[in-house]
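A.B. asks: First the structure, which I've put down as structure tokens, then a few questions once you've had a look.
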């Protein structure tokens, strides 16, 4: 019985695996939709980031070391998502990038971002703003 | 083993090194719920992370063979985290203290109990390796265990996808009839939730664990 249960879970898991599932790539309104490395940011930015930028926000891109799983990404989105200055957060595990949109009229300096990444449990490598982000 | 011996051993472990729980310390302000059943015991742990290097929580553990139930507090310290662009490694030390009493067929009353251990892990998005060692005294004599785990992800998903890992855990529990066993298991991981299911053939026991972060 236990063996059958484990086998069933394995089969279900493979059926749901990205690349095997037909619907992969259709993340719809998922707030953390993916902008893969090498793709044009303008055309692949997550909807939440695009909307926050359209509302007058400014983009900050941070390179972060150590982000290897969903717990890492969850830590980052929750830590930054609860800040009033941040109107959108996106984590891309492929590029190891954290993207933030700072709301119109708001500010979040580099020292604070560095500290928040550390409090999430990770290590900040670099921060880019404006056109460079 | 008395508490002085236990504390000394815990200190020794902490000074040396510190793996089965996935990330026993969360982000600052984060709560985590963990439930696990292995071949020897079942436990639940709810912990809070006030600082990115510490978590504190309430733990309850049922030693099924002895019919002993432990309830107490657990503190976990992230001794060090090594960062690289594509990997991270962690060293943790933990200890807990509370009381344990007999349940069901065990008439034993409440006694002081405690445990201490170390965990270490290294992971990329494809590979996972971990080690854990624990000593405990739940009032029925000192106990010790160690476990090592290796895992591979057949595919690499993005944040929010369903991640699947194929893993094997080898554990050693000297006091048991089967001191060393292997447990093949599957890990499913999506967003803040992680679920594992496995089987230990040598003892015909199921393995299951669940972790949720909020």
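Quick note: the coordinates plus some simple rules give every number you see, no bench work behind them. Note that this is a predicted model, so its numbers are computed, not measured. As a convention, Cβ positions derive from the backbone with ideal geometry for all residues, glycine included, and neighbour counts pool all protein chains shown.
A.B. asks: If packing is taken as the mean number of other Cβ atoms within 10 Å per residue, what is the order of A:112-118, A:126-132, B:67-73, highest first? Numbers along the way, then the final one.
C.D. replies: Working: A:112-118: 17.0, A:126-132: 11.7, B:67-73: 18.6.
Taking the mean over residues of other Cβ atoms within 10 Å, the ranking is B:67-73, A:112-118, A:126-132.
A.B. asks: Between the alpha-carbon centers of the range B:61-90 and the range A:65-123, tell me the distance in whole angstrom.
C.D. replies: Each part's Cα centre sits 26 Å from the other's.
A.B. asks: Please compute the contact order of the range B:166-214 in relative form: average sequence separation of alpha-carbon pairs under 8 Å and at least six residues apart, divided by the residue count, as a percent.
C.D. replies: Numbers: 91 pairs, mean separation 13.8, N = 49.
Dividing the mean separation by the residue count of the range B:166-214 yields 28 percent.
A.B. asks: Shifting gears a bit: Taking the C-alpha atoms of the range A:30-132, how large are the radius of gyration and the largest Cα-Cα span, Dmax, in Å?
C.D. replies: 12.3, 33
A.B. asks: If a/c stays under 1.5 just call it rounded; otherwise compare a/b with b/c (prolate if a/b is bigger, oblate if not). Do that for the range B:3-213, with a ≥ b ≥ c from the square roots of the Cα gyration tensor eigenvalues.
C.D. replies: It comes out prolate by the Cα gyration axes.
A.B. asks: Which order do the peptides A:90-96, B:119-125 come out in when sorted by mean C-beta neighbours inside 10 angstrom, highest first?
C.D. replies: Ranked from most to least packed, the peptides come out as A:90-96, B:119-125.
A.B. asks: Contact order normalised by length for the range A:30-132, with contacts defined as Cα pairs under 8 Å and 6 or more residues apart; what percent is it?
C.D. replies: Numbers: 171 pairs, mean separation 35.2, N = 103.
Over the range A:30-132, the number comes to 34 percent.
A.B. asks: OK, next. How shielded is B:158-170 by partner chains, expressed as the average number of their Cβ atoms within 10 Å of its Cβ atoms?
C.D. replies: 6
A.B. asks: For peptide A:58-69, how many partner chain Cβ atoms fall within 10 Å of a residue's Cβ, on average?
C.D. replies: 5
A.B. asks: Taking each residue of B:79-91 in turn, how many C-beta atoms of other protein chains fall within 10 Å of its C-beta, and what is the average?
C.D. replies: 4
A.B. asks: Determine, from the Cβ-Cβ distance of residue B:84 and residue A:114 and an R0 of 25 Å, the FRET efficiency 1/(1 + (r/R0)^6), rounded to the nearest 0.05. Intermediate values should be presented prior to the final figure.
C.D. replies: Working: r = 18 Å, r/R0 = 0.73.
E between residue B:84 and residue A:114, to the nearest 0.05, is 0.85.
A.B. asks: Ok, one more. Take the Cβ-Cβ distance between residue B:177 and residue B:110 as r, set R0 to 30 Å, and report the resulting FRET efficiency rounded to the nearest 0.05.
C.D. replies: So the FRET efficiency works out to roughly 0.60.
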